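First the structure, in the form of structure tokens, and then the observations on it.
The values are calculated or read from the model by the stated rules, or taken from the named source; none is laboratory data. Just so it is clear, the model here is predicted, and its values are computed rather than measured. With ideal geometry, Cβ positions are generated from the backbone for all residues, glycine too; neighbour counts draw on all protein chains shown. When the accessible area is computed, the model is the full protein with side chains, heavy atoms only, and any ligands, DNA or RNA have been set aside. Shrake-Rupley method; radii C 1.70, N 1.55, O 1.52, S 1.80 Å.
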Amino acid sequence: MSVWTVLLAAGSGTRLAQASGGVKKQFLRLAGKPLYWRSLATFAQCPEMAGIVVVFPPDDLDEARAELTALLAKKDPGVAVAVTAGGVRRQDSVANGLAALPAGCRTVLVHDAARPFVDAGLIARVLDALAAGAGAVIPALPVTDTVKEARDGLVVRTLDRKSLAAVQTPQGFDLGLLRRAFAAAGEGCDVTDDASLVEHLGLPVAIVAGSPENRKITNPEDLALLAERAAPAHPVVGYGYDVHRYADPLKPGKQPARPMKLGGYPILGAPEVLAHSDGDVLLHALTDAILGCVAAGDIGTLYPDSNPDFDNMASGVFVSEALILARSKGLTISHVDLTIIAQIPRIHPHAQAIRLNVAALLGLDRSQVNVKATTEEGLGFTGEKKGIKAVAVVTGLRRPVTDPDAPAS
Ligand code: CTP
Ligand code: MG
């Protein structure tokens with residue numbers, strides 16, 4: 001079986017145009033390469049595949065051909081690759097693709113480049129059915145929604161779901177049969193898939209199992225699927241720990257003592273602290289935990305206490321800047337768990353106010369922030385009321401950030 005694939009990438013992607021900034025969906029970036037490349041690579045890996053004709057929009061033909069040539073030079077897919085221009089309708093693009101097939105081709109698969117997550121198993125099921133003698137094969141999934149025929153906002157009738165199938169590509173054909181079907185259909189016949197033309201001839205079309213993963217990128221919400229598949233997010237944990245000493249009440253004025261703040265919230269009547277910036281031990285631990293999630297060092301490196309600019313600085317600024325940095329490195333915070341360790345003051349009366357402050361600072365819901373406190377039972381420096389500790393644990397999801405200007409590799 002000499003098998004070729006017609007890879008359709010000649011649409012205008014109108015339903016996605018606004019969300020994609022006008023980029024036609026087949027040219028959207030997926031892991032640094034145009035979307036259609038994913039399907040091309042998958043088809044090229046099929047042992048039966050002799051070649052692939054990629055159909056591009058006529059207006060983009062030169063530019064797309066140049067990019068494809070560069071990609072092929074970097075990674076030889078091991079099959080012949082040809083390029084042709086598409087037409088106004090999808091079926092016109094298919095016809096142009098068929099016209100570009102070489103003389104020896106007997107079997108053709110037609111695939112939408114807008115379905116980048118096609119897999120080798122699905123292609124094999126289509127090819128196996130063709131090898132077993134079918135002239136036309138389509139992959140399909142059972143329909144899970146009830147489907148109704150509708151007109152002018154009113155239901156005409158309900159279709160029997162058990163007899164319905166949601167059809168995908170690649171659709172596979174005996175090339176002679178598909179050419180005959182195109183010729184018989186003529187210009188006036190509008191179809192949305194190629195098997196319809198074979199159905200018009202009254203010939204059988206076999207169905208094999210489709211794949212739920214093989215979704216067509218069609219509407220703006222499908223872009224999230226692309227982002228997730230291009231760079232899957234992975235869970236991260238950041239840990240922060242900080243200690244501040246209490247000012248000695250017997251040596252007033254000798255040290256740069258600050259009124260105590262925790263989570264940006266003033267704790268009236270509490271011991272004063274000796275520390276960097278405004279001395280908010282909890283926000284310092286939180287800043288370190290955020291930086292920890294994205295391997296960005298610690299607060300001391302970013303804001304050295306030797307720098308007088310940071311003297312008396314509100315620690316919320318450190319948190320906000322750490323958050324901006326972490327977001328630029330792909331972090332989305334899921335949850336923050338904060339523990340304050342002190343003999344004095346009593347934290348419990350302030351815990352809710354601190355929690356709300358921290359949630360607002362991070363743009364999180366209060367349910368994503370926990371504030372708790374403990375003493376150390378009179379032991380150690382907190383037990384001796386000489387200082388205070390804070391521990392922050394930040395959990396989140398981190399998505400690798402790719403440089404949009406980086407060359408395709
Ligand atoms: N296609 C094509 N030539 C056309 C129209 C569509 O090659 N004249 C291709 C698309 O590039 C896509 C596939 O057919 O890979 C399925 O079509 P569809 O999802 O409708 O894509 P578009 O037509 O590009 O999008 P839209 O309908 O939103 O404009
Ligand atoms: Mg279309």
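What you get for the chain, charging only the Cβ of Lys and Arg (+1) and of Asp and Glu (-1), is a dipole of about 520 debye around the Cα centre.
Charge tally around Arg89: other residues with Cβ under 11 Å, Lys/Arg +1 each, Asp/Glu -1 each, net -2.
Explain nothing, just the number: relative contact order of segment 3-229, from Cα pairs under 8 Å at least 6 residues apart, as a whole percent. Once normalised by length, the contact order is 23 percent.
3J(HN,Hα) along segment 63-78, derived from phi through the Karplus expression 6.51 cos²θ - 1.76 cosθ + 1.60 where θ = phi - 60°, amounts to 5, 5, 4, 5, 5, 4, 4, 5, 5, 5, 5, 7, 9, 6, x, x Hz, with x in place of Gly and Pro. When +1 charges are put on Lys and Arg Cβ atoms and -1 charges on Asp and Glu Cβ atoms, the dipole computed for segment 3-229 relative to its Cα centre reaches about 260 debye. Per the Debye formula with a single identical scatterer at each Cα and no solvent contribution, what log10 I(q)/I(0) holds for segment 234-398 at q = 0.13, 0.20 Å⁻¹? Here log10 of I(q) over I(0) equals -0.58, -1.30.
Only the Cβ atoms of Lys and Arg (+1) and of Asp and Glu (-1) were treated as charged; on that basis the dipole of segment 234-398 about its Cα centre amounts to roughly 280 debye. Restricting segment 62-152 to trypsin sites (Lys or Arg not before Pro) that sit in a DSSP loop and have at most 15 other Cβ atoms within 10 Å of their own Cβ leaves Lys75, Arg89, Arg106.
Using only DSSP helix segments of four residues or longer, with each worth -39500 (n - 2.57), what per-residue ellipticity at 222 nm results for the chain after dividing by its residue count and rounding to 500?
Rounded to the nearest 500, it is -8500 deg cm²/dmol.
Take every pair of alpha-carbon atoms less than 8 Å apart whose residues are at least six positions apart; their mean separation over the length of the chain yields a relative contact order of 15 percent.
In this structure the chain gives 49 Å² per residue of accessible area when probed at 1.4 Å with all protein chains present. When Tyr239, Tyr246, Tyr265 are compared by accessible area of protein heavy atoms, the largest-first order is Tyr239, Tyr265, Tyr246, using a 1.4 Å probe.
Which of the pairs Lys329/Lys372; Lys24/Lys148; Lys75/Lys329; Lys251/Lys386 have their Cα atoms more than 24 Å apart in this structure?
Lys329/Lys372; Lys24/Lys148; Lys75/Lys329
Along each principal axis, taking the top coordinate minus the bottom one, the Cα set of segment 3-229 gives 53, 41, 34 Å in descending order.
Annotation: Cα Rg of the chain relative to the compact-globule expectation 2.2 N^0.38 Å equals 1.45. Along the axis of the charge dipole computed for segment 6-91 (Cβ charges of +1 for Lys and Arg, -1 for Asp and Glu, origin at the Cα centre), the listed residues Val88, Ala19, Phe56 are led at the positive end by Ala19. Taking 19 Å as the straight-line reach from the Cα of Lys33, the aspartates and glutamates in range (excluding those fewer than 8 positions away in the same chain) are Asp60, Asp62, Glu63, Glu67, Asp76, Asp112, Asp119, Asp222, Glu228, Asp403, Asp405. Set Lys and Arg Cβ to +1 and Asp and Glu Cβ to -1, take the dipole of the chain about its Cα centre, and tell me which of Asn307, Pro102, Ala134 lies farthest positive. Positive-end residue among those listed: Ala134.
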